[in-house]
Structure formats: C-alpha cells, structure tokens
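What follows is a single structure, written as structure tokens, with notes after it.
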Amino acid sequence: MKKLILTLLLIVWASSAIAAGTITFAYEESDKRGSHWIQVTATCTADSSDASFPDTLIGIDVSGTYLMQVRTFYGGTGPTDNTDLYLKENSATGYDVLNTAGENRIDNGANNDFQPTIDGAPSAVPIYGPLYIDIDNNAVNSAIVTIVMDFIQ
C-alpha cells in the first residue's frame, strides 16, 4: 500500500512539474556608437493546464540602465490576443516600469514593438532595481511568446 501511495504521489508531482509554465533568458551585450547596450531575450511558454506564465526575475542586473524598447513575438502556439506584459521593478508585485504600455501588446497573429511611457509619452525609462516579467490575461495553454528588451547604459 505504501508503495502504491508513493507511486501515485510521484506521478502527481511529475505531472505538475511538466505542466508548469517557463521563462528562460538569453543576454547579449555590445558597445555601439559610444554606448553600452544590453539585449535581454525572454522565451516564455505558458502552463499546459492553466495557461499562466510564471512571474520571473530577469537574471541579469540591468540596474543603472535605461529601457529603450520592447518587442513581442508570438510563437508556434500563439497566445490570446491582447495579452498583457508588465515589467515589475524590485519585486513581482513592484512598480511597472512600462507604465501600462505593455497592456494588450502580446498578440496571437501580430508582432509588436513599443517603448515604455512616462506621463503617457514614449520614453526611455531608468531602471533602478531588478526586473520581473509578469504576463497576464492569456487563456491559451502552452502559448509561446518571445520578448526582446533593449537597455542602454
């Protein structure tokens, strides 16, 4: 009986681990025209059972830079149209440095590019702390999205 219960627990644990959404990162740094650029690419896959994306810390320190531009690309399994993107500063519940410019910016059949805003105007935004990706309002299981963020120092 103990063996059966242990086996069932392992199956439940393994299936929940497989279903979890993921966000992975790639980084590229370069010096162009006297400025230091950092490009962060996030490859995001939604959970296969509830379509959620995990709030995830960008694993490179971009403090002291300016976020210049964000681009979103839908994948082979496109997300829900008008899915929202937030970049939260200092914690997963922190201030959105995009200032809501990422709302409705992830689409099923269109790639998008935009700048964060300050007082409603597109602007380069100073980054003071660690950033977390927060993707909301997707309803497509296993949706794939790529997000490219360009920072300048």
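For the range 107-147, name all the residues that are without any contact (Cβ under 8 Å) to a residue 40 or more places away in the chain and either over 17 Å from Phe73 (Cα atoms) or among the β-branched types (Val, Ile, Thr) (or both).
Once the filter is applied, which keeps residues that are without any contact (Cβ under 8 Å) to a residue 40 or more places away in the chain and either over 17 Å from Phe73 (Cα atoms) or among the β-branched types (Val, Ile, Thr) (or both), the range 107-147 yields Thr117, Ile118, Asp119, Gly120, Ala121, Pro122, Ser123.
If we keep just the residues of the range 30-70 that are among the small types (Gly, Ala, Ser) and part of a strand (DSSP E or B), which is surrounded by the most Cβ atoms within 10 Å (Cβ to Cβ)?
If we take residues in the range 30-70 being among the small types (Gly, Ala, Ser) and part of a strand (DSSP E or B), then Ala42 is surrounded by the most Cβ atoms within 10 Å (Cβ to Cβ).
Which of the residues that make up the range 96-129 are part of a strand (DSSP E or B) and surrounded by fewer than 17 Cβ atoms within 10 Å (Cβ to Cβ)?
Asn112, Asp113, Phe114, Thr117, Ile118, Ala121, Pro122, Pro126
From the list Phe73, Phe53, exactly one residue is touching a residue at least 24 places away in the same chain (Cβ under 8 Å) and within 11 Å of the chain's Cα centre (by Cα). Which is it?
None of the others qualify; the one that does is Phe53.
Could you tell me whether Asp136 is among the acidic types (Asp, Glu) and over 25 Å from Glu28 (Cα atoms)?
So Asp136 fits the description; yes.
So which residues in the range 74-99 are within 21 Å of Asp119 (Cα to Cα) and of a type in the set (Gly, Ala, Ser)?
Answer for the range 74-99, where residues must be within 21 Å of Asp119 (Cα to Cα) and of a type in the set (Gly, Ala, Ser): just Gly94.
Run down Thr77, Thr93 and say which single residue is at pLDDT 95 or above, surrounded by fewer than 16 Cβ atoms within 10 Å (Cβ to Cβ) and assigned to a loop (DSSP other than H, G, I, E, B).
The conditions single out Thr77.
The values are calculated or read from the model by the stated rules, or taken from the named source; none is laboratory data. Computed from a prediction, not measured in an experiment: that's the story for all the values here. Note that we place each Cβ from the backbone using ideal geometry, even for glycine, and neighbour counts take in every protein chain shown.
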